[in-house]
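Below is one structure, written out as structure tokens; comments come after it.
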Amino acid sequence: MATIPVEYGLFLAIILFSLGLVGVLIRRNVVFILLSVEIMLNAAGLGFVIAGSHWGQADGQIMFIFILTMASAEVSVGLALAIQLYHRLKTLDTNSISKMRG
Amino acid sequence: MLGLLWLIPVIPLIGFILLAIIGPRLSRTAVAIIGVGSVGISAILAILVAISFISSPPAGNAFTQTLWTWINVTNFNPGISFYLDSLSMIMVLVVTFVGFVIHLYSAEHMLHQEGYSRFFAYMNLFVGSMLILVLANNLLLLYLGWEGVGLCSYLLIGFWYTNPANGRAARKAFIVTRVGDAAMAIGLFLLFNNLATLNIQDVMQRAAQTWQIGSPLAVTAAALLLGGAVGKSAQLPLQTWLPDAMAGPSPVSALIHAATMVTAGVYLIARTHVLFSLAPSVQLAVAIVGAATLLLAGFSALTQWDIKRVLAYSTISQIGYMFLALGVGAWSAAIFHFMTHAFFKALLFLAAGVVIDAMNDEHNMFKMGGLRTQLPLTFWTFLIGSSALSALPLITSGFYSKDLILFDAYASPSGSTWLWLAGLVGAFLTSIYTFRMVFLTFFGKPKTKAVYQPGSRINLALIVLAAFALLIGFLETPSFLGNINVLGNFLSASLPATSILPQRAGSEGILELVSAVISLVGIYLAYLLFLRVPKTTEAMVQSPVGAVLHRYWFSGWGFDWLYDTVLVRPFVWMANSNKNDFIDLLYKGIIRLNEALHRVLSNTENGLVRWYATGIAIGAVIIIAIVVFL
Amino acid sequence: MILPWIIIILVIGGTLAWIAGRFGPHWPRWISLATLGIHFGFLLYLWIQNYSIFTLTTRSPWFALFDIPWISQIGISFSLGMDGLSLLLILLINLLGIMAVACSWNAIKDRVGFFHFNLMWILASITGVFLALDLFLFYFFWELMLVPLYFLIGIWGYENRIYATIKFFIFTQVSGLFMLLGILGLYFVHGANTGVYTFSYFQLLGTKLPQPLGFLLMLGMFLAFAVKLPVVPFHTWLPDAHTEAPTAGSVDLAGLVLKVGAYGMIRFLIPLFPKDSLSFAPIAMALGIIGILYGAIVAFGQTDLKRLIAYTSISHMGFVILGIFAWNTIALQGAIIIMIAHGISTSGLFIMVGDLMSRLHTRDFRRMGGLWSTLPRMGGAAMVFTLASLGLPGLGNFVGEFLVLLGVYRVSIPAAALATLGFIVATIYSLWIIQGAFHGRNTEGWKLQDMSSREAAIMTTLIAVILWLGIYPQTVLNTSLPAVEAMQKYAIETQQTIVSPQISPAQPLPIEGSITINTGGKP
């Protein structure tokens, strides 16, 4: 079986991560920020899986399962926050929640 | 009887305490009784002590009485103790007696003034301090009296405190004399640290044993003490305070600024004469200071229109004579002149006080005139005082004391023709300005009517002082006029006799004649200039040269201006411009820096979630970069 | 067991006063007064009883010691000791404490209980500072003192009080940390040298310190004391604190807090670091001279009467540091007299200003003038205190200043000569106080009530003390002498060969070892 070089996989993970990060930084809508965070998490998970397959060990997959669990928890909390945000301020713009500026 | 010595200074102090505490609630009569009475008791005690001192002299011709040890730290243990020898005996007699007469005068003179009890409280405090000064056994106690009299001078110059000008004059007097006092204090540190005592007799004894003549320490010590003496006695260069001090009431000028306090410097130098003998250069400086002062003050006195300021400059000038005498080693002549001066100058001030009262508080002599008939007694006593001041030959005390100084200035080993000449010119000036005062005030046409006649207490005081101003001179007469040496013999126990160069000793008669003529010529000149042809005098003053000289002399040779520019203004400017304390700027700067940093950093806390996320991302990148690349 | 009680009485009195504040404003006043009265009587008894031992120089200067372990694991003990010096200073703060209570009798109307609580706790902690013989305990009391003082100024002060309290707190706190560093450094060096880790004063005496660590530790401690004293570049908290403090606070600051710095130098700084502090002496003395002159000049420029007096304090404290670093018996005794006399005279002035303020409602000098005609008795009292501060012989300050300069002359002639200029500048500002407030024209037409009997009683007491110090200072000098000599001995035992703290080469006397136990001059 022809193997894909590990660099390719990691490169993909980096691109995904960067996309997510940029998404987090430039989007103002909280839902899109959550989506971007998901992309970052999955990029990280991809990195684990690739590394696991490269070393031939199951740790990478185990980590990915952890990340999945954690991501679902994060999403639920994040969505709850988003609902609260909308509920209170009638907007999903994150710039409006800057009351804690120094 | 000698055991009563301590009461002499203590009784006026008790008077002060009584008057300070309960004085305002007492009637004026009671205040006068306490105020005058305490000094009177002191005077009686002084006479009793003097009788006992002369009739049965104590061992060593000196009597020491210790009340308690004032300060005792290791070997520094000055006591509150009094030392009576012939020098301090004379000082005590003059201070208490003249003090008493002046108090008597004040009881009437100040009667209608506000603050009657305050006045007598200060006066009593003054007499007490002055007596402590002259009786002190050690230099520290002397310094206590010294500062005490300075304080009273300040309080009494500023007695009419509501006028800011009086306050300024009072502060000036205190601060200028304190400059001298600071020098004197350093002198005390020097003496103690090198001789391990401040007891005056021990200081002199040890100084004579340990120091060579002209050794640097002796010179420094004497120079520092001279600094104190110059300040207190209003000699060059610290003479500027005395003319302004005339802002005080007339009895104050008579007691403090003529008879007693201002001669404290003379007393100090006479008291520590051994130190000055060990430092010939300083002693010469004393003579030069005296000669220069008597001339400068004499010229200034010529131009004043305020009768009290004339007297003030003449006081400076007469103390200059005493310094001249001290400088040439004529110790007893200085004390003799101090005595006669105390009587006739106090008399002049008191009489001037009557004149000023009679003229409704007018000090300007040019607005007076013809008072001879209106105030006959005052006129005659003033005339006696003036004659004594201008050393009218044979009958006045001033003649004997001043001519003794002139002779000694010429004939003593450290004297010189120049010093004698300076004294002679001074004597000439003295007659002119003194009789200028007499002619302007008492002769000529009456310009204003006298609104007041002195009462019995004032008249009594004037008569007593006038009698002394005439008679006290016969305590010491030159060899060809009876050769009486009562005072010199009495003082010889505490002050060394004046040595006279044998080749100059014979000139005494001629010198006396010269100065007698000079004095008479001066009086005649004054008559010409100010009574016969005042227009000519006026023209002289108006001429260009005359105007410049007049301005300089009138302002006391511009010393006030000089000190004002060099010292007072810079100090005030410095204090006012640094009101907010520039050191605080440093700490304010730290505060500003912190605030600026605070503002910069608080900008990062802007509450934007994405901004924080950026921060986290950049931070992560940096950390990874560090881990990977380093 | 006497010594802890000296502190505890005050602590209890203060707490009681706070509690009693619920029942009415007069309760705390009387309780504080009673406590302080009892305390004062007790101290006076202690003094009179022990006075005779001061003449027996062979005995130890410590006439009461107290020592129980506190945190023994790291060598901290609750160790107190009283000698003549601490007794005198405790008597002083007690007397001034009574004056502080008396002068705020009518002035403080708000939260009277808490006010007296703070007042008493300040006194208690300063008493602790004067008694502590364990460096940790000393530091503990040192810092404890700040808190009630902070409240005292912060709550009952004037307009700008928050700025002043924070400034004051930061200055003292930061400098206190430097002292902590010094103490800890000494602790560890001593532990490393001997294996005994202890904060005990007596054991730490004579610790051999490596260079330059010793010098730095000394500098840290000096800084703490210098800020409290205050020495000139670190003085700016004082005018602000004084200006904003209530009268009682000013009395505490001038009479008590400033003395702590000087006490620390005499008791701890020089005996613990003899060599380093004496090599530092020229700088310290120079700072003292700068303080004398600078404080006086700035004082003259002030228009706020309280600020003016605050700067005069700085000027006077310059004499104290000068005397301490001259380190001979005469100068030290002089410094102690100045500490006491300055406490009395400056408190007197502050109380006088407080009385004036309660009548005029201003501290501004320019609005006063000619008050003598309406307040003659207060003017007389003010005159005595200003004359004391200008160093008039016969009043306490003169004795101190003269002794200091006499002792300083022995060490450095230029220093003595320059410091003597202080006499002149002191005259200038002192007369300015009298002129500005009491003489001159009464331009605003003030018609005021002269001193009440309570105010008169305060003034009379203070005047009596200052006169007594001026005419018969011997009682005080005798009491402090054994302590002063012991301090000098501690310093000498530590360092046998000490570099002479000369500033000038011109030396009138050969001085044996420079910190002599002063056999005095020759011959």
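The values are calculated or read from the model by the stated rules, or taken from the named source; none is laboratory data. Nothing here was measured: the structure is a model prediction, and the numbers come from that model. Note: ideal-geometry Cβ built from the backbone for every residue, glycine included; neighbour counts use all protein chains shown.
For every residue, the table says whether it meets (1) within 30 Å of B:GLN113 (Cα to Cα); (2) of a type outside the set (A, V, I, L, M).
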position: C:PRO274; (1), (2): no, yes
position: C:VAL298; (1), (2): no, no
position: C:ASN328; (1), (2): no, yes
position: C:GLY334; (1), (2): no, yes
position: C:ILE340; (1), (2): no, no
position: C:SER373; (1), (2): yes, yes
Within region C:366-406, how many residues turn out to be assigned to a loop (DSSP other than H, G, I, E, B) and of a type in the set (A, V, I, L, M, F, W, C)?
5
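Tell me which helices (runs of 4 or more DSSP H) are completely within region B:1-118 and hold 3 or more residues being under 29 Å from B:TYR452 (Cβ atoms), or say none if there are none.
Values: elements: B:7-22, B:28-55, B:86-109.
Filter on region B:1-118 gives B:28-55, B:86-109.
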Given the condition surrounded by 22 or more Cβ atoms within 10 Å (Cβ to Cβ), at pLDDT 85 or above and among the charged types (D, E, K, R), answer yes or no: does some residue in region B:427-439 qualify?
yes
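If you scan region B:7-17, which residues turn out to be within 14 Å of another protein chain (Cβ to nearest Cβ) and either touching a residue at least 12 places away in the same chain (Cβ under 8 Å) or within 21 Å of B:TYR105 (Cβ to Cβ) (or both)?
Taking region B:7-17 first, the residues within 14 Å of another protein chain (Cβ to nearest Cβ) are B:9-10, B:13, B:16-17.
Residues satisfying the conditions are B:PRO9, B:VAL10, B:LEU13, B:PHE16.
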If you go through region C:331-353 one residue at a time, do you hit one that is of a type outside the set (Val, Ile, Thr) and in a strand (DSSP E or B)?
no
Using beta carbons and a limit of 6 Å, which pairs, at least six apart or on different chains, have the first residue in region B:431-446 and closer than 14 Å to B:LEU375 by Cα and the second one among the hydroxyl-bearing types (Ser, Thr, Tyr)?
B:VAL438/B:SER386
Can you find, within region B:283-326, the residue that is farthest from the chain's Cα centre (by Cα) among those that are over 28 Å from B:PHE82 (Cα atoms) and among the β-branched types (Val, Ile, Thr)?
B:THR303
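From the list B:LEU597, B:LEU585, B:LEU630, B:LEU567, which one is within 21 Å of C:GLY295 (Cα to Cα) and more than 10 Å from every other protein chain (Cβ to nearest Cβ)? Let's see the steps before the verdict.
Details: B:LEU597 fails: within 21 Å of C:GLY295 (Cα to Cα); B:LEU585 fails: more than 10 Å from every other protein chain (Cβ to nearest Cβ); B:LEU630 fails: within 21 Å of C:GLY295 (Cα to Cα).
Residue meeting the stated conditions: B:LEU567.
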Of C:PRO233, C:PRO212, C:PRO239, the only residue that is more than 23 Å from C:PHE136 (Cβ to Cβ), surrounded by fewer than 23 Cβ atoms within 10 Å (Cβ to Cβ) and either within 14 Å of another protein chain (Cβ to nearest Cβ) or acidic (Asp, Glu) (or both) is C:PRO233
Verdict on C:THR519 being modelled with pLDDT of 50 or more and within 13 Å of chain B (Cβ to nearest Cβ):
no
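What do you reckon, is B:SER387 assigned by TED's automatic domain parsing to the domain that holds B:LEU294, free of Cβ contacts under 8 Å to residues at least 24 places away in the same chain, crowded, with 24+ Cβ neighbours inside 10 Å and assigned to a helix (DSSP H, G or I)? Don't jump to the end; show me each part of the working.
Working: assigned by TED's automatic domain parsing to the domain that holds B:LEU294: yes; free of Cβ contacts under 8 Å to residues at least 24 places away in the same chain: yes; crowded, with 24+ Cβ neighbours inside 10 Å: yes; assigned to a helix (DSSP H, G or I): yes.
Yes: the conditions hold for B:SER387.
Would you mind finding the one in B:VAL266, B:VAL252 that is outside the structural domain of B:HIS337 (by TED's automatic domain parsing), assigned to a helix (DSSP H, G or I) and under 10 Å from the mean Cα position of the chain (by Cα)? Steps first, please.
Values: B:VAL252 fails: under 10 Å from the mean Cα position of the chain (by Cα).
Answer to the check: B:VAL266.
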Hey, any hits in region C:104-124 for a residue that's free of Cβ contacts under 8 Å to residues at least 60 places away in the same chain, more than 15 Å from the chain's Cα centre (by Cα) and part of a loop (DSSP other than H, G, I, E, B)?
yes
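Yes or no, residue by residue, for (1) over 21 Å from B:PRO12 (Cα atoms); (2) within 14 Å of another protein chain (Cβ to nearest Cβ):
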| residue | (1), (2) |
| --- | --- |
| B:PRO57 | yes, no |
| B:GLN65 | no, no |
| B:ASN77 | yes, yes |
| B:LEU84 | no, no |
| B:SER88 | no, no |
Looking at (1) assigned to a helix (DSSP H, G or I); (2) within 16 Å of C:LEU278 (Cα to Cα), which one does C:GLY255 not meet, given that it meets all the others?
(2)
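Go through the residues of region B:424-446 one by one and say whether even a single one is in contact with an Asp or Glu (Cβ under 7 Å, 6 or more places away or on another chain), outside any helix (DSSP H, G or I) and not aromatic (Phe, Trp, Tyr). Steps first, answer last, please.
Of the residues in region B:424-446, the ones in contact with an Asp or Glu (Cβ under 7 Å, 6 or more places away or on another chain) are none.
No, that holds for no residue.
Can you tell me which residue among C:PHE114, C:PHE63 is at pLDDT 85 or above and either under 27 Å from C:HIS26 (Cβ atoms) or in contact with a strand residue (DSSP E or B) (Cβ under 7 Å, 6 or more places away or on another chain) (or both)? Full working, then the answer.
Working: C:PHE63 fails: at pLDDT 85 or above.
Going through C:PHE114, C:PHE63 in turn, just one is at pLDDT 85 or above and either under 27 Å from C:HIS26 (Cβ atoms) or in contact with a strand residue (DSSP E or B) (Cβ under 7 Å, 6 or more places away or on another chain) (or both): C:PHE114.
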Exactly one of these conditions fails for A:THR3: (1) in a loop (DSSP other than H, G, I, E, B); (2) of a type in the set (Val, Ile, Thr); (3) at pLDDT 90 or above. Give me its number.
(3)
Just one of B:SER42, B:SER38, B:SER52 is within 26 Å of the chain's Cα centre (by Cα), farther than 18 Å from B:PHE119 by Cα and hydroxyl-bearing (Ser, Thr, Tyr); which is it?
B:SER42
When you go through C:GLY191, C:GLY182, C:GLY128, C:GLY97 one by one, which is the residue that is modelled with pLDDT under 90 and part of a helix (DSSP H, G or I)?
C:GLY191
Regarding region A:6-15, can at least one residue be identified that is surrounded by fewer than 18 Cβ atoms within 10 Å (Cβ to Cβ) and within 26 Å of A:ILE83 (Cα to Cα)?
no
Can you tell me which of B:ALA291, B:ALA247, B:ALA258 is of a type in the set (Gly, Ala, Ser) and modelled with pLDDT of 90 or more?
B:ALA291
Output the residues belonging to region B:583-630 that are assigned to a loop (DSSP other than H, G, I, E, B) and surrounded by 13 or more Cβ atoms within 10 Å (Cβ to Cβ).
B:GLU605, B:ASN606, B:GLY607, B:LEU608
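Hey, can you tell me all the residues within region A:62-102 that are touching a residue at least 60 places away in the same chain (Cβ under 8 Å) and assigned to a helix (DSSP H, G or I)?
To start, the set of residues in region A:62-102 that are touching a residue at least 60 places away in the same chain (Cβ under 8 Å) comprises A:92-95.
The answer is A:THR94, A:ASN95.
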